[in-house]
Amino acid sequence: MQMYSPEQMKENIDRVREQIADAAREAGRDSKEITLIGVSKFFPAEYAAQAYSLGLYDLGENRPEELHLKKSILDPDGICPNWHLIGTIQSRKVRMIVGDPYLIHSVDTLSLAKEISKRYTANDISARILLEVNVSGEESKHGFTPDEVKAQFSDILQLPGIDVCGLMTMAPIQQKEGEARGVFEKTRVLFDEMKTLGADPDSWKYLSMGMSGDYKDAIICGATHVRIGTAIFGKRDYPDPV
Ligand SMILES: *Cc1c(COP(=O)(O)O)cnc(C)c1O
């Protein structure tokens, strides 16, 4: 696995921050509205710590186990980024991460929302969550369809111990020209529409979209959180498929 030195990583972070600022400017937005999340998945905890020491205070992981492990390794050293859980969560794994994530981006079913509600209320805390939507209609993607998320929204909003903060989406990986932009625009329209469907206006503020290959488009379309792995940390060696 190739890993960057602190100097190289700093260059990557600076470059991404500049591009975020450029895209924000182009969209007439303030770049302070946009949180850069460094996605440290599949890299060792020390490499995540290196990013933190370079001022990247929001880190993302896509597997509950890995988030919990890295947090437990880094916490004792006072390295306490805002941990974002961005990947698929099986309901049975919710108990493992209660209280760990700063924000859960990937709530993709009502039953998962219920499980989070149950586990968090049992611990007298509440979870900040985003609802993951699949607007591209790709079958391989997780997430509510736009119709489902609207139909189930009031049930989700009623759950105790859950603060529903917005939406998360992913554009297709093999993008055709302009395809990512279309997905992000549709998600933005859905986000605005759901504002009027009973969301708490003090909470309903986040739109998590954009990865290394498409974050400029996402920012133009209103993203408040971009999730950047490869452009900061380098190429990942995925474990062998099981
Ligand atoms: C891995 C991952 C990312 C980061 O992807 P890059 O293309 O490496 O920037 C963003 N979001 C989710 C949900 C991911 O799983």
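What nm distance separates the two modelled labels at Glu18 and Ser126, each placed 7 Å from Cα along Cα→Cβ?
4.2
Please tell me the relative contact order of the stretch 134-180 in percent, rounded to the nearest whole number, where contacts are Cα pairs under 8 Å and at least six residues apart.
Once divided by the residue count of the stretch 134-180, the mean separation gives 35 percent.
Quick one: what are the phi-derived ³J(HN,Hα) couplings along the stretch 108-119, Karplus 6.51/-1.76/1.60 with θ = phi - 60°, whole Hz, x for glycine and proline?
Per-residue couplings from phi come out as 10, 8, 5, 5, 5, 4, 5, 5, 4, 4, 4, 5 Hz.
Considering the stretch 186-242, what Rg and Dmax in Å follow from its alpha-carbon atoms?
Spelled out, the Cα radius of gyration and Dmax of the stretch 186-242 are 15.3, 45 Å.
Going by amide H atoms built from the backbone, whose H comes under 5 Å of the H on Ile162, apart from near neighbours?
Those lying under 5 Å, H to H, from Ile162 are Ala127.
Which log10 I(q)/I(0) values does the stretch 1-130 give at q = 0.14, 0.19, 0.22 Å⁻¹ under the Debye formula, counting every alpha carbon as one identical point scatterer?
At q = 0.14, 0.19, 0.22 Å⁻¹ the computed log10 ratios are -0.69, -1.07, -1.24.
Tell me, what HN-Hα J-couplings in whole Hz come from the Karplus equation 6.51 cos²θ - 1.76 cosθ + 1.60 at θ = phi - 60° for each residue of the stretch 163-175, using x for Gly and Pro?
Values per residue, Gly and Pro as x: 10, 8, 9, x, 10, 10, 8, 10, 7, x, 5, 7, 8 Hz.
Short version: ³J(HN,Hα) in whole Hz for each residue of the stretch 19-36, in order, from phi by Karplus 6.51 cos²θ - 1.76 cosθ + 1.60 (θ = phi - 60°), x for Gly and Pro, what are they?
5, 4, 5, 4, 5, 4, 4, 4, 8, x, 10, 8, 5, 5, 6, 10, 9, 8
Between Ser40 and residues 5 or more places away or on another chain, which pairs have amide H atoms under 5 Å apart, with H built 1.01 Å from N, and which residues are they?
Those lying under 5 Å, H to H, from Ser40 are Gly60.
Using helices alone, I'd like the mean residue ellipticity at 222 nm for the chain: each DSSP H run of four-plus residues gives -39500 (n - 2.57), total over residue count, nearest 500.
-12000 deg cm²/dmol
Can you list residues from other chains, or at least 5 along the same chain, whose modelled amide H is less than 5 Å from the amide H of Ser106?
Close amide H contacts, sequence-distant or interchain: Leu130.
Would you give the gap between the C-alpha center of the stretch 1-30 and the C-alpha center of the stretch 166-236, rounded to a whole Å?
Using only Cα atoms to place each centre, the spacing works out to 17 Å.
Roughly speaking, what % of Cα-Cα pairs in the chain are separated by over 31 Å, rounded to a whole number?
Details: 5730 of 29161 pairs.
The answer is 20 percent, as a whole percent.
Quick one: work out Rg over Rh on the C-alpha atoms of the stretch 119-211, Rh as Kirkwood radius.
Rounded to two decimals, Rg over Rh is 1.00.
So what is the relative contact order for the chain, in percent, with contacts set as C-alpha pairs under 8 Å and at least six apart?
Relative contact order for the chain comes out at 21 percent.
Taking the convex hull of the alpha carbon atoms in the stretch 85-163, what volume per residue do you get, in Å³?
Hull volume normalised by residue count: 79 Å³.
Each reported figure results from applying straightforward, stated rules to the coordinates on display, with no laboratory input. Because the structure is predicted, anything quoted here is derived from the model rather than measured. With ideal geometry, Cβ positions are generated from the backbone for all residues, glycine too; neighbour counts draw on all protein chains shown.
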